[in-house]
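S.K.: Dropping a structure here in C-alpha cells format, bear with me for questions.
No lab work stands behind these numbers, since they all come straight from the coordinates. Note that the structure is a prediction, hence the values are computed from the model and not measured. Quick reminder, even Gly has a Cβ in these numbers, built from the backbone with ideal geometry, and neighbours come from all protein chains shown.
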Amino acid sequence: MIILILLISFFFFIVGIRVMSLGKAVCVLDENNVKGTIYLEEIDGNKTHIYGKIMGLKKGKHGFHIHEYGDLTDGCISLGGHYNPFERIHGGPDTKKRHVGDLGNITANKNGVAHINIVDNLIKLRGKYSVIGRSLVVHEDEDDLGMGQHKDSHTTGHSGKRIACGVIGYASNH
Ligand SMILES: [Cu+2]
Ligand SMILES: [Zn+2]
C-alpha cells in the first residue's frame, strides 16, 4: 500500500515538473487605440497555443503575423518582415510552405474585439527558431494568405498598414 502511494506521488511529482517546464510567453499591444494581450504557450510537446483578446479594431479580418525583430525604435516599422527563417514565400497558417510567422487573420466582431485561439506547429518558444524576442503585428486589412494577385501577396498577403504591434517576451509565470 505504501509503495503504491509512493508510486502515485512520484507520478504526480514528475507530471508537475513537466507542466512547470512548459514555456509561456506574452505580448502586449497598445497602439492607435488598439489594445490587447496575447499569450503563447507550449502544449503537447511540439505545438504552441496562441490565445488572447485584441480590442479597438475595425470589424472584419486583419492580417496577424509574427515579425522578425523585437525592435520598436521606429514603431511597428522597425520590426522587419514576417519571421521567415526557412526562406519560404508567404502563405496562411495551413499552407504547407509558409513563413513561420504566417498566422493568417484574426476577426474582429462588431464591437471591435477579436478573440484569438490558434494552435500552431511551426511557432516555437525555445531553441534556434524561438519567437521570443520577436514580435506580433496586427494589420489594417485582410491577409490574402498568398492567394491574391497583388504584387505583395507573396510577401505580406497584401494586408496593408501595421496598426498595432508588440514584442514577445517571457511571461512572469512561465
Ligand atoms: Cu505582418
Ligand atoms: Zn508571411
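S.K.: Could you size up the charge dipole of region 23-170 around its Cα centre, putting +1 on the beta carbon of Lys and Arg and -1 on that of Asp and Glu, and report it in debye to the nearest 20?
M.R.: Dipole size: approximately 220 debye.
S.K.: Expressed as a whole number of Å, what is the distance separating the alpha-carbon centroids of region 108-161 and region 26-69?
M.R.: If you average the Cα positions of each part, the centres end up 9 Å apart.
S.K.: For each of 67, 115, count neighbouring Cβ atoms within 10 Å of the residue's Cβ, then give the residues from fewest to most.
M.R.: Values: 67 25, 115 12.
With the sparsest Cβ surroundings first, the list reads 115, 67.
S.K.: In percent, what relative contact order does region 23-170 have, based on Cα pairs under 8 Å that are 6 or more apart in sequence?
M.R.: The normalised contact order for region 23-170 reaches 31 percent.
S.K.: Pairing rule first: another cysteine's C-beta must sit under 4.7 Å. Under that rule, which cysteines of the chain stay single?
M.R.: By the Cβ distance rule, which asks for a partner under 4.7 Å, the isolated cysteines are 27.
S.K.: Taking +1 at the Cβ of each Lys and Arg and -1 at the Cβ of each Asp and Glu, which of 145, 160, 76 sits farthest along the dipole of region 23-170 towards its positive end, judged by Cα position relative to the Cα centre?
M.R.: Positive-end residue among those listed: 145.
S.K.: With a sphere of radius 14 Å drawn around the Cβ of residue 69, what net charge do the other residues whose Cβ falls strictly inside it have (Lys, Arg +1; Asp, Glu -1)?
M.R.: -1
S.K.: Students often forget the sequence filter, so: which lysines lie under 17 Å Cα-Cα from residue 110 once same-chain residues fewer than 8 apart are removed?
M.R.: Residue 110 reaches 35, 53, 58, 59, 61.
S.K.: Percent antiparallel among DSSP beta bridges with both residues in the chain, to the nearest 5?
M.R.: Just about 95 percent of them are antiparallel.
S.K.: Turning to a different aspect of this structure: 5 Å is the cut-off here: which amide hydrogens, built 1.01 Å from N in the peptide plane, fall below it relative to residue 104, excluding neighbours closer than 5 in sequence?
M.R.: Under 5 Å from the amide H of residue 104 lie the amide H atoms of 64, each far enough along the sequence or on another chain.
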